[in-house]
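Contents: one structure, followed by commentary.
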Amino acid sequence: MTTHERADGAAPVTVTVHPTAMGLLTLAATEEALVYCGFTGPAAVRDRLARSGAAGPVRSEPSPAATPVLRTAAAELDAYLAGRLRHFSVPLDLRLATPFCRETVGALDAFVPYGHLATYSELAASLGRPKAARAVGTALGANPLCVVLPCHRIVGSTGRLTGYAGGIRAKEFLLGLERQVP
């Protein structure tokens, strides 16, 4: 996974919707990297981009085939959801995340590997902030790259599935998928 740092918020962003086995995912990307992957509708994502000042012109496209980055993201999501991919290689850009959110979601892939679970407290401790479990939960709730940066692998202290941007059913789906693949 390559993460691009935002050098200039004026980069044009293309927004599209990608149908998947767990429902529609909205994708947004610059020419260099994926900026958003999540369950929020495209109009709300366009608004979020506009409010953030983190993007130049935002355009909508009916198909993820519109740009190479969106094509790659859609293909990798399809492969992941079919159990054929464990790690995403599409370049990522966390321009929509706060610094703490960047730190938190940026640690996910290495901290909690495919098919494993961790708690909010464990993730907070791994970040050197053992008392920040709630802040970690808030940061994960704002993850602009759901599925790709695997916040679904984080559970409550009792192992209970708690909050997920796509809802508990989507979280159950993703965790079930990862348990099935050897």
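Between Ala79, Ala54, which is among the hydrophobic types (A, V, I, L, M, F, W, C), at pLDDT 95 or above and more than 15 Å from the chain's Cα centre (by Cα)?
From the options Ala79, Ala54, the qualifying one is Ala79.
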Given the conditions (1) at pLDDT 90 or above; (2) over 17 Å from the mean Cα position of the chain (by Cα), which single one is not true for Gly38? (2)
Please determine whether any residue of the stretch 30-48 is touching a residue at least 60 places away in the same chain (Cβ under 8 Å), small (Gly, Ala, Ser), in contact with a helix residue (DSSP H, G or I) (Cβ under 8 Å, 6 or more places away or on another chain) and surrounded by 13 or more Cβ atoms within 10 Å (Cβ to Cβ). yes
In the stretch 21-75, what count of residues is obtained for those that are among the hydrophobic types (A, V, I, L, M, F, W, C) and assigned to a helix (DSSP H, G or I)? 12
Can you tell me which residue is modelled with the lowest pLDDT among those in the stretch 154-182 that are among the basic types (Lys, Arg) and over 18 Å from the mean Cα position of the chain (by Cα)? Arg160
Among the residues of the stretch 129-142, are any within 26 Å of Ala54 (Cα to Cα), in contact with a Leu (Cβ under 7 Å, 6 or more places away or on another chain) and surrounded by 16 or more Cβ atoms within 10 Å (Cβ to Cβ)? yes
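Is it the case that Ala124 is assigned to a helix (DSSP H, G or I) and either more than 26 Å from Ala82 (Cα to Cα) or polar (S, T, N, Q) (or both)? Working first, answer last.
On the way: assigned to a helix (DSSP H, G or I): yes; either more than 26 Å from Ala82 (Cα to Cα) or polar (S, T, N, Q) (or both): yes.
Considered against the rule, which asks whether it is assigned to a helix (DSSP H, G or I) and either more than 26 Å from Ala82 (Cα to Cα) or polar (S, T, N, Q) (or both), Ala124 comes out as yes.
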Can you give me the number of residues within the stretch 86-100 that are closer than 21 Å to Arg71 by Cα and either without any contact (Cβ under 8 Å) to a residue 12 or more places away in the chain or surrounded by fewer than 17 Cβ atoms within 10 Å (Cβ to Cβ) (or both)? 3
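Suppose we filter Thr158, Thr162 for residues that are in contact with a Gly (Cβ under 6 Å, 6 or more places away or on another chain) and either among the hydroxyl-bearing types (Ser, Thr, Tyr) or within 22 Å of Pro19 (Cα to Cα) (or both); which single one remains? Quick ask: steps written out before the conclusion?
Values: Thr158 fails: in contact with a Gly (Cβ under 6 Å, 6 or more places away or on another chain).
Unique residue meeting the criteria: Thr162.
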So for the stretch 6-21 (the condition being surrounded by 16 or more Cβ atoms within 10 Å (Cβ to Cβ), among the polar types (S, T, N, Q), under 18 Å from Cys151 (Cα atoms) and in contact with a Pro (Cβ under 6 Å, 6 or more places away or on another chain)), does at least one residue qualify? no
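The values are calculated or read from the model by the stated rules, or taken from the named source; none is laboratory data. Note that the structure is predicted; figures quoted are calculated from it, not measured. All Cβ positions, even for glycine, are placed from backbone atoms using ideal geometry, and neighbour counts span all protein chains on display.
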